[in-house]
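Shown next, in structure tokens, is the structure this report addresses.
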Amino acid sequence: MALADYINNKPVIETNRLIIRKMVSSDIPVLREWMPDKSIYTYWGKGPSKAERNPELLFEKEEKPTKSFHLGIAEKNSGKVVGDIWVYLIENDRMAQIAIRLSKDIHGKGYGTESLSAMTSFCFDHTELQRLWTEVDVRNIASCRMLEKCGYTKEGLIRQGKMVNTWCDYYIYGILSTDKRA
Ligand SMILES: CC(C)(COP(=O)(O)OP(=O)(O)OC[C@H]1O[C@@H](n2cnc3c(N)ncnc32)[C@H](O)[C@@H]1OP(=O)(O)O)[C@@H](O)C(=O)NCCC(=O)NCCS
């Protein structure tokens, strides 16, 4: 299927332990447990928004069809949505940015690597996207390591390019559809 085919029909991506899927209003109680947690926003570039502090607001308006993917990451065992992942700012159906965050409770269990790797493969195997990239605060060791494990290349360093309380340095990481993946 092409990227355009997913506008109204968001994908469901399954891994060993996780299901990456559209979030629904029945996920609200679980989202309330972790989405407002300020500690996951340390390197995010901004703190939790009003909707992230009150996840019910995410479902108030009917979602407009968009080519970007914003999906929940649910544990198969518990069914709980423990994180979310975006593919956004898609340019010419060819390249896009990617971002992921997970509940603090489940950091370090390999879920980040598992879901980023699956989403990356989905984009390259099932859509026209040829390049995915992201910006990562240089202090965000877990994110850098996760990206490298998924086959992303550290392409550059932007010095004092982002304001997170103070001016911060960040890396650009990118992967092409032709690159070796994890
Ligand atoms: C970035 C994030 C998604 C990583 O998810 P995760 O499930 O904890 O990561 P994984 O368990 O897959 O670990 C990936 C690697 O990072 C390492 N790592 C994880 N947390 C770490 C930490 N706090 N310090 C150093 N290394 C760490 C792991 O050991 C693993 O490397 P290894 O296999 O060589 O041991 C998660 O930390 C997060 O949600 N952070 C807050 C939001 C955020 O910053 N998102 C990224 C924005 S670019």
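I'm told Thr166 meets every condition in (1) in contact (Cβ under 8 Å) with a residue 40 or more places away in the chain; (2) away from the ligand (no atom under 15 Å from the Cβ) except one. Can you identify the failing condition by its number?
Unmet condition: (1).
Condition first: closer than 20 Å to Val30 by Cα and of a type in the set (D, E, K, R). Can you find one or more residues in segment 71-79 that meet it? Step through it out loud before you land on a result.
Filtering segment 71-79 for residues closer than 20 Å to Val30 by Cα gives 71-79.
Restricting the remaining residues to those that are of a type in the set (D, E, K, R) gives 75-76.
The answer is yes; a qualifying residue exists.
Return the total of residues in segment 42-56 being outside any loop (DSSP other than H, G, I, E, B) and more than 29 Å from Thr127 (Cβ to Cβ).
Residues flagged as outside any loop (DSSP other than H, G, I, E, B) and more than 29 Å from Thr127 (Cβ to Cβ) within segment 42-56 amount to 3.
Return yes or no: is Ile158 in a strand (DSSP E or B), more than 8 Å from the ligand (Cβ to nearest atom), of a type in the set (A, V, I, L, M) and buried (at least 18 other Cβ atoms within 10 Å of the Cβ)? Walk me through how you get there before you give the answer.
Numbers: in a strand (DSSP E or B): yes; more than 8 Å from the ligand (Cβ to nearest atom): yes; of a type in the set (A, V, I, L, M): yes; buried (at least 18 other Cβ atoms within 10 Å of the Cβ): no.
No: the conditions fail for Ile158.
Only residues that are touching a strand residue (DSSP E or B) at 6+ places or on another chain (Cβ under 7 Å), within 29 Å of Tyr170 (Cα to Cα), of a type in the set (D, E, K, R) and modelled with pLDDT of 95 or more: list them for segment 40-93, please.
Passing the criteria: only Asp84.
Report every pair of residues separated by at least 6 positions or lying on different chains whose Cβ atoms are under 8 Å apart, first residue within segment 29-40 and over 12 Å from Asp105 (Cα atoms), second basic (Lys, Arg) and part of a helix (DSSP H, G or I).
From segment 29-40, the pairs are Pro36/Arg53.
Can you tell me which residue in segment 29-41 is surrounded by the fewest Cβ atoms within 10 Å (Cβ to Cβ), limited to those that are part of a helix (DSSP H, G or I) and within 12 Å of the ligand (Cβ to nearest atom)?
Within segment 29-41, the first condition is being part of a helix (DSSP H, G or I), and the residues that meet it are 29-34, 38-41.
From what is left, the residues that are within 12 Å of the ligand (Cβ to nearest atom) are 34, 38-41.
Values: Trp34: 21, Lys38: 11, Ser39: 8, Ile40: 18, Tyr41: 17.
So, considering only residues that are part of a helix (DSSP H, G or I) and within 12 Å of the ligand (Cβ to nearest atom), the one surrounded by the fewest Cβ atoms within 10 Å (Cβ to Cβ) is Ser39.
Being within 17 Å of Ile7 (Cβ to Cβ) and touching a residue at least 60 places away in the same chain (Cβ under 8 Å) is the filter here, so list the residues in segment 54-96 that pass it.
Those that are within 17 Å of Ile7 (Cβ to Cβ) and touching a residue at least 60 places away in the same chain (Cβ under 8 Å): Lys67, Phe69, Leu71, Ile90, Asp93.
The values are calculated or read from the model by the stated rules, or taken from the named source; none is laboratory data. Just so you know, these numbers come straight off a predicted model, no measurement behind them. Neighbour counts are summed over all protein chains in view; Cβ atoms, including those assigned to glycine, are modelled from backbone coordinates with ideal geometry.
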